[in-house]
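The next block holds one structure in the form of structure tokens; read it before the comments.
The values are calculated or read from the model by the stated rules, or taken from the named source; none is laboratory data. None of these values were measured; they are calculated from a predicted model. Cβ sites come from the backbone with ideal geometry, for glycine too, and all protein chains shown count toward neighbours.
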Amino acid sequence: MADHQSKQPEGYPYVFVPPSRYDWIQKEIRAKGLWTYSDSRLRVVNNFSREFNLILARASVEKGNFHDIRKTAICNWFAQGLKEYDVMVLAGHSDFRTTHKFYLAVAHNLKERVRQANARGLCQKLVQQVFLACKSG
């Protein structure tokens, strides 16, 4: 994504808004006073999915959605040691339950899977040690 954004012309702040669309919004719509703050959040790209799917295809990503990027970033902040409260603030959530339920729960799942993998590995080592002890004895 950073590579894609770095290829955008200077002065175009958005990753997924094509420069031609951005120019049209600025020159035709905003200049006439027909563009509000909520419009910028809801109407920037008239077919966001098409643009995003093109980016996924260029990145050789078979399946995904835009929210996956947000989820990955939030989970990575937590995994890299940011405190849960800081992750909540950065995510823009007013209630920690939202952050925990939708984002940090992934970390708890990962912890459980690691515990299970460690238990399997420990069992395998114990079996190997018993086998070697029986074999030599």
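For segment 1-51, give me the residue count where each residue is of a type in the set (S, T, N, Q) and at pLDDT 75 or above.
Matching residues across segment 1-51 total 5.
For segment 62-72, enumerate the residues that are exposed (fewer than 13 other Cβ atoms within 10 Å of the Cβ) and out of contact with any Phe, Trp or Tyr (no Cβ under 9 Å at 6 or more places or on another chain).
GLU62, LYS63, HIS67, ASP68
Of everything in segment 55-67, what is under 8 Å from the mean Cα position of the chain (by Cα) and at pLDDT 85 or above? Give them in sequence order.
Of everything in segment 55-67, nothing turns out to be under 8 Å from the mean Cα position of the chain (by Cα) and at pLDDT 85 or above.
Is it true that some residue in segment 93-103 is in contact with a Cys (Cβ under 8 Å, 6 or more places away or on another chain) and modelled with pLDDT of 75 or more?
The answer is yes; a qualifying residue exists.
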